[in-house]
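The values are calculated or read from the model by the stated rules, or taken from the named source; none is laboratory data. Because the structure is predicted, anything quoted here is derived from the model rather than measured. Cβ placement follows ideal geometry from the backbone for every residue including glycine, while neighbour counts extend to all protein chains displayed.
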Amino acid sequence: MTLILNHYFTLIDKSFPQKEELLKQGFKLHGPKYHKGQGTSAVFVLFPKKYFEYIWIDDLEASKTNLLQLYKRDSKNACKYGLCFTGTIPDKHIRDFVQYVPPYSPNSQIMVLKESIDDLTMPLIFVDIKSKDPKASEPQNSKNLSADLLNPQEHFFIPEDLKSYKIPEYFKFLFKTVDP
């Protein structure tokens, strides 16, 4: 099985300055959702197959004790992006990852690229390995979401500046094609 982009996040200011522009462009927003124990909250822009997430720190102490320590990415020179894939990590790279169980979702099975936790100049990269079928994690297949929350898939995009960040070669496919 290959790795498939599930979603990406952008760390933002808690005031969510992007909100008005997203609404003006016609995007539907879902949330906010509090990530208990991680110290973050997020608003989601959902598409049938993928989504992007605007995430902010709202509990600094929880963020400081969490493996991801997203508060560190809230500095001037840090990369504000995170990339989440579903699928299977190639065997030759599995040792490069550490398991992360989000406190707000104890049944999740997420592997985080160790280097991306420590190297704040690269996006935080993680793989949801619980789903054997990546289609199961698509927003359109969630029993907890109504179809009216979904934006048209053709509006999904990858931020251009993501290409300028350090990303391991086996994730570079992300920039070659983004299927709608």
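Reported count of residues in region 26-54, each being without any contact (Cβ under 8 Å) to a residue 12 or more places away in the chain and of a type in the set (S, T, N, Q), is 0. Just one of (1) charged (D, E, K, R); (2) more than 27 Å from Leu150 (Cβ to Cβ); (3) in contact with a helix residue (DSSP H, G or I) (Cβ under 8 Å, 6 or more places away or on another chain) fails for Asp128. It is (2). Checked across region 73-96, the condition of being at pLDDT 95 or above, closer than 16 Å to Lys33 by Cβ and buried (at least 18 other Cβ atoms within 10 Å of the Cβ) holds for at least one residue.
Condition check ((1) within 24 Å of Gln153 (Cα to Cα); (2) more than 14 Å from the chain's Cα centre (by Cα); (3) surrounded by 14 or more Cβ atoms within 10 Å (Cβ to Cβ)) across all residues:
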{"site": "Lys19", "(1), (2), (3)": "yes, yes, yes"}
{"site": "Gln25", "(1), (2), (3)": "yes, yes, no"}
{"site": "Leu29", "(1), (2), (3)": "yes, yes, yes"}
{"site": "Gly37", "(1), (2), (3)": "no, yes, yes"}
{"site": "Lys49", "(1), (2), (3)": "yes, no, yes"}
{"site": "Asn66", "(1), (2), (3)": "no, yes, yes"}
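Residue count for region 103-131 satisfying the condition of being part of a loop (DSSP other than H, G, I, E, B), within 29 Å of Glu160 (Cβ to Cβ) and either aromatic (Phe, Trp, Tyr) or at pLDDT 90 or above (or both): 5. Screening Asn6 on (1) surrounded by fewer than 21 Cβ atoms within 10 Å (Cβ to Cβ); (2) of a type outside the set (Lys, Arg); (3) not in a loop (DSSP other than H, G, I, E, B) shows it passes everything except condition (1).
Checking each residue in region 53-72 for being touching a His at 6+ places or on another chain (Cβ under 8 Å) and at pLDDT below 95 picks out no residue at all. Taken over region 12-59, the criterion of being touching a Pro at 6+ places or on another chain (Cβ under 9 Å) and among the basic types (Lys, Arg) is satisfied by Lys36, Lys49, Lys50. Cβ-Cβ contacts under 7 Å between residues 6 or more apart (or on different chains), taken from a first residue in region 154-177 that is under 26 Å from Gly26 (Cβ atoms) and modelled with pLDDT of 85 or more to a second residue that is among the charged types (D, E, K, R) and surrounded by 12 or more Cβ atoms within 10 Å (Cβ to Cβ), are listed as Phe156/Lys50.
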